[in-house]
Amino acid sequence: MQIGIIGAGGMAAYHAKGFTLAGAEVVGIADPNKPRSEAFAATHAIPATYRTLEEMKTEHPNLDAVSIVTPNKFHASLTIEALQMGLHVYCEKPPARNASEMQAMYDEAKRAGKLLMFGFNNRMRPESRAIATYIEHGEVGRINSAQATWIRRAGIPGFGGWFTDKELAGGGPVIDLLHMIDLALYFMGYPEPNCVLASTFHDFMGNASFKGPWGIADGTGKMDVETACHAMVTFKSGQCLTIRNSWAEMNEREVVSTTFQGTKAGGKVERLFGIDGVDETSVDSAVLYTEEYGRQVNRTIITEKDETMGRIANAMNFVKCLMEGEKPANTPEEALILMRITDAIYKSSETGTCVML
């Protein structure tokens with residue numbers, strides 16, 4: 001199996017390693033920044049560099065798939081271009097900037113009959129897989145409610161770079177930190193949303209005290225996205241989800257977690273940071289809250305530490321789906337629901353009303 005990578009961004013290294021470990025051949029990397037692509041290719045033993053997807057496909061007519069590691073603005077257009085070339089696509093999160101872009105990607109994947117997957121790596125963390133096993137075996141029961149949290153005290157990823165430019169990114173932490181929203185929805189069975197009520201805040205944007213470990217500036221672009229969001233989602237099934245996402249907010253520290261309450265057990269997957277954004281200072285845990293023989297019991301699930309937070313495992317799953325028939329870790333149908341919710345979060349914040357879906 002031959003795979004090409006589009007974009008030499010930070011996540012590309014995980015893609016390259018995961019694809020190779022799963023038995024695929026990474027034949028090239030395409031990036032308009034030639035020095036960056038050449039440096040990446042040399043580091044990861046990739047034989048060729050290109051400026052565009054079209055150039056890569058011309059040189060490799062037997063190319064099977066591509067992964068996309070670019071600013072969010074280009075996810076939809078590059079995915080659709082690749083699908084129209086007959087290629088399978090693995091795209092970094094977020095799937096797109098909005099639901100209409102995601103709908104176009106979904107429709108094209110169906111038309112082409114190709115696999116479209118996304119970098120929802122937190123589903124593949126050891127802690128998440130352990131909790132999912134209990135859910136799949138019925139030990140949690142129906143999950144009535146959940147809380148999705150990815151909050152930072154100080155961690156705006158680059159002032160004036162593409163992350164803080166709404167045109168390029170689609171939004172701030174609602175878009176960038178949607179992993180836990182996805183994980184909560186995954187645990188809940190991805191129910192159909194009914195109503196979204198949300199508020200977003202723009203405090204601290206441009207304040208260097210809240211830059212975190214990512215530096216003050218990636219460029220000289222805009223800073224027109226939110227820095228924090230609080231939302232409530234209700235579902236047609238009667239379930240509900242509370243959301244907290246922030247890059248900069250008066251929190252104790254960075255917390256990444258999904259907590260849920262089921263009819264048989266509750267639980268939590270969590271990563272606590274000693275220093276915002278520094279994975280080496282983090283502690284991971286997975287816990288179930290249940291009742292046994294008339295007593296309230298907390299079960300601590302012991303798992304191995306995965307510094308990549310499932311990124312390599314998720315990329316490996318993409319290859320194994322195509323080479324070995326493994327089940328995809330995520331689907332375009334789920335991604336479309338997720339993007340509909342993020343759209344509703346922004347609309348609710350703008351209008352000050354509950355948005356019906």
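Pairs meeting the criteria (first residue in the range 345-357 and farther than 18 Å from GLY170 by Cβ, second residue assigned to a helix (DSSP H, G or I) and of a type in the set (S, T, N, Q), beta carbons under 7 Å, at least 6 apart or on different chains) are CYS354/SER348.
Tell me the strands (runs of 3 or more DSSP E) entirely within the range 37-148 that contain at least 1 residues that are open to solvent by less than 50 Å² (accessible area, probe 1.4 Å) and over 30 Å from THR242 (Cβ atoms). Can you show your working first?
Working: elements: 65-68, 88-91, 116-118.
So the answer is 65-68, 88-91.
Of the residues contained in the range 268-287, one or more are found to be modelled with pLDDT under 95 and within 19 Å of PHE201 (Cβ to Cβ).
For the range 317-327, a residue qualifies if it is open to solvent by 40 Å² or more (accessible area, probe 1.4 Å) and under 20 Å from VAL26 (Cβ atoms), and the qualifying residues are LYS320, LEU322, MET323, GLU324, GLU326.
Tell me yes or no: at least one residue of the range 3-14 is at pLDDT 95 or above and surrounded by fewer than 16 Cβ atoms within 10 Å (Cβ to Cβ).
Initially, the range 3-14 is screened for residues at pLDDT 95 or above, giving 3-7, 12-14.
Right, trim to surrounded by fewer than 16 Cβ atoms within 10 Å (Cβ to Cβ) and you get none.
No; the residues of the range 3-14 include none that is at pLDDT 95 or above and surrounded by fewer than 16 Cβ atoms within 10 Å (Cβ to Cβ).
Within the range 282-323, restricting attention to residues that are without any contact (Cβ under 8 Å) to a residue 60 or more places away in the chain and of a type in the set (Ser, Thr, Tyr), the residue that is farthest from GLN261 (Cα to Cα) is SER282.
Any idea which residue in the range 3-46 is nearest to the chain's Cα centre (by Cα), counting only those that are among the hydroxyl-bearing types (Ser, Thr, Tyr) and more than 19 Å from GLY310 (Cβ to Cβ)? Talk me through it step by step, then tell me what you get.
Initially, the range 3-46 is screened for residues among the hydroxyl-bearing types (Ser, Thr, Tyr), giving 14, 20, 37, 43.
Then drop every residue that is not more than 19 Å from GLY310 (Cβ to Cβ), which leaves 37, 43.
On the way: SER37: 23, THR43: 25 Å.
The selected residue is SER37.
Residues that are open to solvent by less than 50 Å² (accessible area, probe 1.4 Å) and part of a loop (DSSP other than H, G, I, E, B) within the range 24-36 comprise ALA24, ASP31, listed in sequence order.
The values are calculated or read from the model by the stated rules, or taken from the named source; none is laboratory data. The model shown is predicted, which means the values in this text are computed figures rather than measured ones. No Cβ is skipped: glycine too gets one built from the backbone with ideal geometry, and neighbour counts run over all protein chains shown. Ligands, DNA and RNA are excluded from the accessible area calculation, which covers all protein heavy atoms including side chains. Shrake-Rupley method; radii C 1.70, N 1.55, O 1.52, S 1.80 Å.
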